[in-house]
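Q: Sharing a structure below in structure tokens format, with a few things to ask.
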Amino acid sequence: MQTVSIVMTTYNGGKFLGEQLSSLADQIYPNLELIISDDGSTDNTMEIVDEFRRTAKFPVVVRRNNARLGYAENFLSATKLATGEFLAFCDQDDKWRPEKLAIAVEALMQSKADLFVHAATLIDATGSEIGYFSQGICKSATLEPLQLGPWAVFYGCSMVFPRQLLELIDSCYRGAHTFEFEGALSHDLWVYFLATSLGRVVVDSRPLIAYRQHPSNQTPHVRASWLRAWWSAAGVAAHPKLARSSIAHHRGRLLEDLSKSTSRPIVRQAAMRAAQYWRRISRYEHMRVEFYAAAGLSRRTFGWTRLVLEGGYLRFEKGGLGWQLSVKDLLVGVWRARRPKRKMNVVNQR
């Protein structure tokens, strides 16, 4: 039986950590190991971890970082301690349903997919249910490579995937963040890029975890109105500081290098197709920045129309950025409609 390595990062998470660890202990999938990487907690987090390790029915590996790594690097470096065939990212403050990993492994084995993701129930600090977080998953399905939005993401706490996915390209080359103006790409955005570019993705509409919302992690768009949710899902307005054209170009080169270095024909072919795809995305994003920056309405309209005609707003599975973004770009980029004044958040763009 395949082993699942649960990769958890902690930082001053003592308030909810016990509940999460209990939910891991209750998993019906029997072959597990738990990797916990602590980023310098000063509360009772490590006491809770040590107590759990003494009584756990599966191996628990604990690492305490000498210096703060930040959540993304903490997760990615912790994966290198894992020995299981599958990895599952785990936050410190949620609760998992007992069948989560059993469902995920079965789906991955049957579909030969490179990523399994699912919906979630929303709970508050007391554990009371307050909503449903679909992550844009309308129905359960298996999706082929390059069928999901290029700049989207599924939350790391919902991801289960083969460990070998992270062995294709070293995460030190992952490049810049796609939603923030500075910093490296987050762990879940990196896995999303690799999996959606090179392999199948299984999406499951069942809520297999309780995703806790509390003041220190509250994500505004998770419980947004339908209009604000649509506005976020349409995509991010073009901004030169996001450098998405350069990021897409970088991804194309990574995939081209992979196609030349891998000994696996299936990976080689997938990487070649994905490299061509990301080169097109790079061009589309460059065109977007150009017409957003144009001074005159006629020049902006021309730039937007040109992108439409070149297929830049085709559906994701057709190699475009999605028709919803064409509406947002027309409103914001061409007509200069006022953008909502709020901090940019990672959103799912399915």
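Q: Looking only at residues that are small (Gly, Ala, Ser) and surrounded by 14 or more Cβ atoms within 10 Å (Cβ to Cβ) in the range 292-309, which one is farthest from PRO240 (Cα to Cα)? Spell out how you get there, then give the answer.
A: To start, the set of residues in the range 292-309 that are small (Gly, Ala, Ser) comprises 293-296, 298, 303.
If we keep only those that are surrounded by 14 or more Cβ atoms within 10 Å (Cβ to Cβ) as well, we get 293-294, 303.
Values: ALA293: 9, ALA294: 13, GLY303: 16 Å.
The selected residue is GLY303.
Q: May I ask you to verify whether CYS157 is under 18 Å from the mean Cα position of the chain (by Cα), open to solvent by 30 Å² or more (accessible area, probe 1.4 Å), under 17 Å from THR79 (Cβ atoms) and not polar (S, T, N, Q)?
A: Values: under 18 Å from the mean Cα position of the chain (by Cα): yes; open to solvent by 30 Å² or more (accessible area, probe 1.4 Å): no; under 17 Å from THR79 (Cβ atoms): yes; not polar (S, T, N, Q): yes.
Against the criterion (under 18 Å from the mean Cα position of the chain (by Cα), open to solvent by 30 Å² or more (accessible area, probe 1.4 Å), under 17 Å from THR79 (Cβ atoms) and not polar (S, T, N, Q)), CYS157 does not qualify.
Q: Please enumerate the residues belonging to the range 120-138 that are open to solvent by 30 Å² or more (accessible area, probe 1.4 Å) and under 22 Å from LEU101 (Cβ atoms).
A: Correct list: GLU129, TYR132, SER134.
Q: Quick check on ALA210: is it at pLDDT 95 or above, of a type in the set (Gly, Ala, Ser), under 21 Å from the mean Cα position of the chain (by Cα) and not in a helix (DSSP H, G or I)?
A: Details: at pLDDT 95 or above: yes; of a type in the set (Gly, Ala, Ser): yes; under 21 Å from the mean Cα position of the chain (by Cα): yes; not in a helix (DSSP H, G or I): yes.
When the stated conditions are applied, ALA210 passes them.
Q: Quick check, is LEU168 touching a His at 6+ places or on another chain (Cβ under 7 Å), more than 21 Å from GLY70 (Cα to Cα) and at pLDDT 95 or above?
A: Details: touching a His at 6+ places or on another chain (Cβ under 7 Å): no; more than 21 Å from GLY70 (Cα to Cα): yes; at pLDDT 95 or above: yes.
Against the criterion (touching a His at 6+ places or on another chain (Cβ under 7 Å), more than 21 Å from GLY70 (Cα to Cα) and at pLDDT 95 or above), LEU168 does not qualify.
Q: Do you know which residues across the range 172-207 are among the charged types (D, E, K, R) and at pLDDT 95 or above? Reasoning before the result, please.
A: Within the range 172-207, the subset among the charged types (D, E, K, R) is 174, 180, 182, 188, 200, 204, 206.
Within the range 172-207, ARG174, ASP188, ARG200, ASP204, ARG206 qualify.
Let's see how each residue does on (1) surrounded by fewer than 20 Cβ atoms within 10 Å (Cβ to Cβ); (2) under 25 Å from the mean Cα position of the chain (by Cα):
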{"site": "ILE6", "(1), (2)": "no, yes"}
{"site": "THR10", "(1), (2)": "no, yes"}
{"site": "TYR29", "(1), (2)": "no, yes"}
{"site": "ILE36", "(1), (2)": "no, yes"}
{"site": "THR42", "(1), (2)": "yes, no"}
{"site": "ARG53", "(1), (2)": "yes, no"}
{"site": "VAL61", "(1), (2)": "yes, yes"}
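Q: Looking at ARG315, ARG339 in this structure, which one is modelled with pLDDT under 95, under 28 Å from SER186 (Cα atoms), open to solvent by 50 Å² or more (accessible area, probe 1.4 Å) and of a type in the set (Lys, Arg)?
A: Numbers: ARG315 fails: modelled with pLDDT under 95.
Being modelled with pLDDT under 95, under 28 Å from SER186 (Cα atoms), open to solvent by 50 Å² or more (accessible area, probe 1.4 Å) and of a type in the set (Lys, Arg) holds for just one of ARG315, ARG339, which is ARG339.
Q: Among (1) surrounded by 14 or more Cβ atoms within 10 Å (Cβ to Cβ); (2) more than 21 Å from the chain's Cα centre (by Cα); (3) closer than 23 Å to TYR192 by Cβ, where does LEU69 come up short?
A: Among (1) surrounded by 14 or more Cβ atoms within 10 Å (Cβ to Cβ); (2) more than 21 Å from the chain's Cα centre (by Cα); (3) closer than 23 Å to TYR192 by Cβ, the lone unmet condition for LEU69 is (2).
Q: I'm trying to understand the selection: among the residues of the range 90-104, which are open to solvent by 10 Å² or more (accessible area, probe 1.4 Å) and either in a helix (DSSP H, G or I) or out of contact with any helix residue (DSSP H, G or I) (no Cβ under 8 Å at 6 or more places or on another chain) (or both)?
A: Step one: of the range 90-104, the residues open to solvent by 10 Å² or more (accessible area, probe 1.4 Å) are 91-93, 95-99, 102-103.
Residues satisfying the conditions are GLU99, ALA102, ILE103.
Q: Take the conditions touching a residue at least 40 places away in the same chain (Cβ under 8 Å) and surrounded by 21 or more Cβ atoms within 10 Å (Cβ to Cβ) and apply them to LEU198. Does it pass? Lay out the reasoning, then the answer.
A: Values: touching a residue at least 40 places away in the same chain (Cβ under 8 Å): yes; surrounded by 21 or more Cβ atoms within 10 Å (Cβ to Cβ): yes.
Taking the combined requirement at face value, the residue satisfies it.
The values are calculated or read from the model by the stated rules, or taken from the named source; none is laboratory data. Because the structure is a prediction, the values reported are computed rather than measured. No Cβ is skipped: glycine too gets one built from the backbone with ideal geometry, and neighbour counts run over all protein chains shown. Only protein heavy atoms, including side chains, enter the accessible area calculation; ligands, DNA and RNA are left aside. Shrake-Rupley method; radii C 1.70, N 1.55, O 1.52, S 1.80 Å.
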